Structures are given as structure tokens and as C-alpha cells.
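Novice: Here you go, one structure.
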Amino acid sequence: MLTVGVVSLDTKNSAALLAMLQQTGLVQPIPQWDLMAGDGPKTASAVPDVVLVEIGRDVKTPLEFAARLHRLNPAVCTIAISGYQEPSPDLLMQAMRAGVREFLSPPVDPMIVREMLERLVKQKGVPQAETEKLIVVGGAKGGVGTTTVSVNIAVQLARTSGKRVVLIDFGRPLGHCALLLDLESRFSFRAAVESLDRLDSHLFSGLLASHKSGVQVLAGASNADDWDRMSPASLARVVNVAQSSFDYVVVDLGCNSSSEWAPVLRLARQIILVTETNVTGLWSLERQITMFRSMGVDSSRLRLVINRWHRPDDEALQAFEKRIKLQIFERLPNDYKAVSRAVNMGAELSRGQNDQLVQKFRSIAEQLTGVHTPAAEPKRGNFLGLFSGKG
Ligand SMILES: Nc1ncnc2c1ncn2[C@@H]1O[C@H](COP(=O)(O)OP(=O)(O)O)[C@@H](O)[C@H]1O
Ligand SMILES: [Mg+2]
């Protein structure tokens, strides 16, 4: 991840800039400097990769600060934001002398800043795994098990990797993730979008519900009207704030996948597509894959999961794999008892269940992260029947 610093004479503005930066999904939160107190890095290595300098009525103080950082470390990428005036040629000249590389005028679109940062990430050769944490789970159609898969992958990711995992529910019209995990949530993605002007990782963490597995959940819609005026571009900014403070972000996209969701889909390191083996499911999935490809999503990011799989399905599935030129990633058995018990009775009662499904979810989590936990690990009826907090 890139490190970033924010410089402004106005603490309210600098908090908004920090939030905007976190919404690019490519930076780590770091402290802001108080110019009045003479704060700031003292050595070259303490200078972050990117510095955002807000130029207000006082032009001189922030530019002098920028120049000082540039002298300490000429590799710093300084972006100036001029809130009060169209930058005059004179101001541009002064900024250039202070090492400013880009000049932006508010309101600053985080996605434009993201593009700048993406170029920087490439130049610096930051490993991809560090910047891409998003796993999107989408369904060929409703009812194929998208939410079941999302929730269980999130739980197994938290268990097998021990990393911080957040599950975001974009199921439409209603979201069921919190319900499946037996969590009460006071906020949904809607609250996050409504506070986008100041949504940083701190505010974001206050909107989450915590599951005992360690998974944090940003709940979905509890009323279909929650989707009113929600744009996928705003939701992508929420996802990015999640990426800036979690190791893995799992999104239950339901069967929303359409090209309108490109701002979210293009952030994903993997897109898991869930279907059942029936004519309507496979047909819908094929249409979706065609759409993803036409949007420029690389096939290497797609992972096909067949839910409620039975051995006799394999003949049809082989033909399907050939037609879409994509291998099936995982087959999940039909286990009505385990799944419905987990849903109806809550985690504790699910212990001792047949854990074949759980093993499958664990295996998916391991393959997604490349982290392998020895098979000997928790044997005790880790059923988790799916969602249990007990391992
Ligand atoms: N592998 C499975 N075996 C048995 N039942 C399942 C399985 N996967 C999902 N289900 C059940 O199917 C129903 C739909 O699952 P859900 O995850 O809500 O689908 P979606 O999110 O695609 O609408 C739920 O009742 C769920 O418990
Ligand atoms: Mg669902």
C-alpha cells in the first residue's frame, strides 16, 4: 500500500481529504500534520509516497512545507488542491518549484485520484496482492446460494488466515448476510454512502456489526427503498474505505451483476460466480460471463462455484466448461440439513454436523488467499454448520 500524508491549515478540510484518499482504496491511513505546530517528517524515509497539500488563502505556508518535503525526498508525489481560487499561472509556477506534480480543484473525485495513484503503484512496483483485497460473490440468479457462499467464505477467510475480514452486503432488494450470521445491525451501506463526504476508516468501523468469527459486517438493505439513488460509483468508494482498513473485503453482490457495477467489479481480485446446474442458472451465468468479458474483466479473475452439486451433473458441467472456456473452481454439495440448521437455529446448535461443506468453504478461502492451514486443524465438530463462531 502507498503511504500518504495530508497537509492543510484547516483540520476539517484535512479530515475530508483523508477520507477522500481512503476512498481511493490505495492508501494506508497515516497521521495528518499540523502545519501551525511545525509538525512533519524529519528524514527522507519518513516522507510518505504521496502528499496532498491543500492550498487555502495562505499559499505560502503549505507550499513551503511541500518544498521542504521535496528536498528531504525528491521521490515524493505531491498533489496540490486549491480550494479558494483557480490556480493563476503565478501560483502554478510556485507550486512547480515546490515539487507539486498535480493540481486539482475541488470537489475532488476519489476515482480520479485513484487513477493517479494506480500509475504510482505501477511505477513503484507495489505487489498486486497488497492493493487488491476485494472478493466479489455474485449469483447467476436469485436463490442459487450467493449469500450462503459469501457468508461462509468470509467466515473461513477470517479463520484460516487470521486476518481482518469485512463482509459487505449489496444483496438486492434486501440483504440477508447479517440475518444469516444472527447479527443485529444498526447501519447499512446506505449510512456509509450518506456520509461519503467524511467517510474514513474510523467512521466506517462504527457502522459495522461484529461476528464472533472475527468477520465484521456492513449490513445490506432492510427495506427495498434503501436502494433509492444508490450509485455503484458511490458504493465503490465505500468498498475502497473497507480495503484501506481490512485485509479482505467480501462483497455479496446478489445477482446485481450488470455493467453498471463496473466501478465495483474492476476493483475485485476475484469474482466468484455461483450457480446451480439447471438450464436457467447455466444460461444466466453464461450471459454474465460474456458481459464480464466484454467489460474487460480478465477471465483469470473469475471463479465458478457450482452449488448443490450432484455427481450426475458432471456431464452437463463438462460441456458447459468447454463452451465458456472456463474451469469450474469448486463444487458444493447439497446439504439441506446443515444449511437450514445453521440458518434456523444459530451457530451453537450446528456443531457435530457433517462438515463436508465447511471443508469446501475452507478450501475456497485457502485458494483465494494462498494461505494453507494443515488439515489436522480444529477437528472438533467444526461444522460450523456454516456460520458458527466456534471453530
Ligand atoms: N449447498 C446448499 N445445500 C442446501 N441448501 C442450500 C445450499 N446453499 C444454499 N442453500 C439454501 O438455499 C436458499 C437460498 O440460499 P441463499 O444463499 O439465500 O441464496 P441467494 O443469496 O442466491 O438468494 C437458502 O434457504 C439456503 O439455506
Ligand atoms: Mg442473497
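Novice: Quick check on this structure: which one of A242, A233 is within 14 Å of the chain's Cα centre (by Cα) and surrounded by fewer than 17 Cβ atoms within 10 Å (Cβ to Cβ)?
Specialist: After applying the criteria, what remains is A233.
Novice: Residues to consider are V165, V193; find the one that is closer than 30 Å to W309 by Cβ and assigned by TED's automatic domain parsing to the domain that holds F292.
Specialist: Exactly one of V165, V193 is closer than 30 Å to W309 by Cβ and assigned by TED's automatic domain parsing to the domain that holds F292, namely V165.
Novice: With respect to Q327, determine if the residue is touching a helix residue (DSSP H, G or I) at 6+ places or on another chain (Cβ under 7 Å) and closer than 12 Å to I135 by Cβ.
Specialist: In short, no.
Novice: Another question about this same structure. Looking only at residues that are more than 18 Å from the chain's Cα centre (by Cα) and part of a helix (DSSP H, G or I) in the range 160-193, which one is farthest from ligand 1 (Cβ to nearest atom)?
Specialist: Step by step, filter the range 160-193, then rank; the result is T160.
Novice: Does any residue of the range 188-204 turn out to be crowded, with 21+ Cβ neighbours inside 10 Å, modelled with pLDDT of 95 or more, within 16 Å of ligand 2 (Cβ to nearest atom) and not hydroxyl-bearing (S, T, Y)?
Specialist: Checked against the condition, which is being crowded, with 21+ Cβ neighbours inside 10 Å, modelled with pLDDT of 95 or more, within 16 Å of ligand 2 (Cβ to nearest atom) and not hydroxyl-bearing (S, T, Y), the range 188-204 yields at least one hit.
Novice: Now a separate question. Exactly one of these conditions fails for K122: (1) closer than 28 Å to G220 by Cβ; (2) basic (K, R); (3) part of a helix (DSSP H, G or I). Give me its number.
Specialist: Among (1) closer than 28 Å to G220 by Cβ; (2) basic (K, R); (3) part of a helix (DSSP H, G or I), the lone unmet condition for K122 is (1).
This table checks each residue for (1) modelled with pLDDT of 90 or more; (2) surrounded by 14 or more Cβ atoms within 10 Å (Cβ to Cβ).
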{"position": "P31", "(1), (2)": "no, no"}
{"position": "D34", "(1), (2)": "no, yes"}
{"position": "S45", "(1), (2)": "no, no"}
{"position": "R68", "(1), (2)": "yes, yes"}
{"position": "I79", "(1), (2)": "yes, yes"}
{"position": "E86", "(1), (2)": "no, no"}
{"position": "M93", "(1), (2)": "yes, no"}
{"position": "F103", "(1), (2)": "no, yes"}
{"position": "M111", "(1), (2)": "no, yes"}
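Novice: Considering only residues that are within 17 Å of K141 (Cβ to Cβ) and under 16 Å from the mean Cα position of the chain (by Cα), which ones fall in the range 245-256?
Specialist: Within the range 245-256, D252, L253, G254 meet the criteria.
Novice: Something else now. Cβ-Cβ under 8 Å, sequence separation 6+ or interchain: first residue in the range 160-172 and over 19 Å from S205 (Cβ atoms), partner polar (S, T, N, Q) and more than 16 Å from ligand 1 (Cβ to nearest atom). Which pairs?
Specialist: Pairs that qualify, where the first residue is over 19 Å from S205 (Cβ atoms) and the partner is polar (S, T, N, Q) and more than 16 Å from ligand 1 (Cβ to nearest atom), are T160/T369; T160/T373; S161/T369.
Novice: Is there any pair with a first residue in the range 1-23 that is touching a residue at least 24 places away in the same chain (Cβ under 8 Å) and in a loop (DSSP other than H, G, I, E, B) and a second that is surrounded by fewer than 20 Cβ atoms within 10 Å (Cβ to Cβ) and among the acidic types (D, E) whose Cβ atoms are under 7 Å apart and which are 6 or more apart or on different chains, and what are they?
Specialist: M1/E130; L9/D58
Novice: Please work out if V144 is surrounded by 22 or more Cβ atoms within 10 Å (Cβ to Cβ), within 16 Å of ligand 2 (Cβ to nearest atom) and farther than 19 Å from V249 by Cα.
Specialist: Spelling it out, V144 is indeed surrounded by 22 or more Cβ atoms within 10 Å (Cβ to Cβ), within 16 Å of ligand 2 (Cβ to nearest atom) and farther than 19 Å from V249 by Cα.
Novice: For the structure I just gave you, tell me whether L157 is closer than 19 Å to D247 by Cβ, in contact with a Cys (Cβ under 9 Å, 6 or more places away or on another chain) and either within 12 Å of ligand 1 (Cβ to nearest atom) or not in a loop (DSSP other than H, G, I, E, B) (or both).
Specialist: no
The values are calculated or read from the model by the stated rules, or taken from the named source; none is laboratory data. Nothing here was measured: the structure is a model prediction, and the numbers come from that model. Positions of Cβ are backbone-derived with ideal geometry, glycine not excepted, and every protein chain shown enters the neighbour counts.
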